[in-house]
1. Under a straight-distance cross-link criterion of Cα-Cα below 30 Å, which lysines are reachable from Lys8, leaving out those fewer than 8 residues away in the same chain?
2. How would Thr56, Thr135 line up from fewest to most surrounding beta-carbon atoms within 10 angstrom?
3. Using 0.36 nm per residue, how much length does the chain from Glu23 to Asn47 gain when fully extended, once their Cα-Cα distance is taken away?
4. Among Ser70, Ser30, what is the fewest-to-most ranking by other Cβ atoms within 10 Å?
5. Kindly put Asp129, Asp123 in sequence by how many other C-beta atoms sit within 10 Å of each C-beta, fewest to most.
6. Could you state the orientation-averaged shadow area of the convex hull built on the Cα atoms of region 63-123, in nm² to one decimal?
7. Convex hull over the Cα atoms of the chain, averaged projected area in nm²?
8. I'd like the distance separating the alpha-carbon centroids of region 7-37 and region 95-148, in whole Å.
Amino acid sequence: MRGLSSSKKMIPIVEGLFEWPSESPRLIASRCPLCGSVQFPKSSVCNNPDCTHDATPEEIKLSEEGILYSYDIHMYDLREPFSYHKAPYAIGAIELPEGIIILARLTRYEGLKIGMRMRLKIDRLYEDDENVYLTYFFEPVEDGGEEK
Ligand SMILES: [Zn+2]
């Protein structure tokens, strides 16, 4: 992947959030076969209070593109164990075609506009002496990204 040239091992910060290793990883979610409720991260139980909960949600892969629904710019560093979040950085709410809005780090914090098209990007969150830890970001589609 572009920008991830390293001899270190690249591993997801949490297992099961996205497909990895993969040439075009997608977020892993779940959908209830009864009521259609979509959850991310995936869950073994439907979270819809109006659902009968008589079926186990099935695993689905979320679309790679969505719309920036809202965002917030954080102007402070987080403390341990999350000190890899260095200010300033943006957290966005991304509305996906599956009918779910998910929160994610954005690849930049300047020039954001509500309603702009955003695309999933798995990228480096931080690294130590052995590993590069990856998580899911969303980047503005206008920034380009990887060729498919
Ligand atoms: Zn349900």
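Every read-out reported here was derived from the displayed coordinates using simple, explicitly stated rules and does not represent laboratory data. All of these numbers come straight from a predicted model, not from anything done at the bench. FYI the Cβ positions are ideal-geometry reconstructions off the backbone, even for glycines, and counts take in every protein chain you see.
1. Within reach: Lys42, Lys61, Lys86, Lys121, Lys148.
2. In order of increasing Cβ crowding within 10 Å: Thr56, Thr135.
3. Gain on extension, Glu23 to Asn47, equals 5.5 nm.
4. Ser70, Ser30
5. Least crowded to most crowded, the residues run Asp129, Asp123.
6. Its Cα hull, projected and averaged over all orientations, spans 4.3 nm².
7. 10.0
8. 14
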